[in-house]
Amino acid sequence: MAAMDLFGRRWALRILWELRAGPLGARALLARCEGLSSSVLYQRLRELTSSGIIAPSADGYELTRLGTALRDALHPLDEWAIAWAQEQEHNDQEPTET
């Protein structure tokens, strides 16, 4: 349950998502996460770092081995979300009966 508590915190999964392709600095993360405050960003970075999911790097922050395994585990959820969004869009375009 500790993992669910961490990932359930606002912005935690979004930060991990943004780091999926490689390291990013704090400014880049703030730019990619519209509405995220710097104080919340630094709190989440501390939590994710202390959990061993991300680590500081020369280029900012990057996924660790555990973070990469988590990214890979979330890939099926991403595929499901894309299919769900397409289904929602399809349903919104269907004419309603009167």
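The values are calculated or read from the model by the stated rules, or taken from the named source; none is laboratory data. Model, not experiment: these values are computed from the prediction. Cβ placement follows ideal geometry from the backbone for every residue including glycine, while neighbour counts extend to all protein chains displayed. Only protein heavy atoms, including side chains, enter the accessible area calculation; ligands, DNA and RNA are left aside. Shrake-Rupley method; radii C 1.70, N 1.55, O 1.52, S 1.80 Å.
Say whether the condition of being in contact (Cβ under 8 Å) with a residue 24 or more places away in the chain and β-branched (Val, Ile, Thr) is met by at least one residue in the stretch 58-80. No - not one qualifying residue is present in the stretch 58-80.
Close Cβ contacts (under 7 Å, 6 or more residues apart or on different chains) running from residues in the stretch 1-27 that are part of a helix (DSSP H, G or I) to residues that are among the aromatic types (Phe, Trp, Tyr) and surrounded by 11 or more Cβ atoms within 10 Å (Cβ to Cβ) comprise LEU13/PHE7.
Here is a yes/no grid of residues against (1) in contact with a helix residue (DSSP H, G or I) (Cβ under 9 Å, 6 or more places away or on another chain); (2) not charged (D, E, K, R):
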{"position": "TRP11", "(1), (2)": "yes, yes"}
{"position": "PRO23", "(1), (2)": "no, yes"}
{"position": "SER39", "(1), (2)": "no, yes"}
{"position": "THR49", "(1), (2)": "no, yes"}
{"position": "ALA58", "(1), (2)": "no, yes"}
{"position": "ARG71", "(1), (2)": "yes, no"}
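Every residue in the stretch 1-24 that is over 11 Å from the mean Cα position of the chain (by Cα), surrounded by 16 or more Cβ atoms within 10 Å (Cβ to Cβ) and at pLDDT below 95, please. Result: LEU6, single match. Quick check on the stretch 48-98: of everything there that is of a type in the set (Phe, Trp, Tyr) and under 17 Å from the mean Cα position of the chain (by Cα), which residue is surrounded by the fewest Cβ atoms within 10 Å (Cβ to Cβ)? Ranking the qualifying residues of the stretch 48-98, first place goes to TRP80.
Residue-wise test of (1) assigned to a helix (DSSP H, G or I); (2) under 21 Å from ARG10 (Cα atoms); (3) at pLDDT 95 or above.
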{"residue": "LEU36", "(1), (2), (3)": "no, yes, yes"}
{"residue": "GLN43", "(1), (2), (3)": "yes, yes, yes"}
{"residue": "GLU62", "(1), (2), (3)": "no, yes, yes"}
{"residue": "ARG71", "(1), (2), (3)": "yes, yes, no"}
{"residue": "GLU89", "(1), (2), (3)": "yes, no, no"}
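Just one of (1) under 24 Å from ALA3 (Cβ atoms); (2) open to solvent by 80 Å² or more (accessible area, probe 1.4 Å) fails for LEU45. It is (2).
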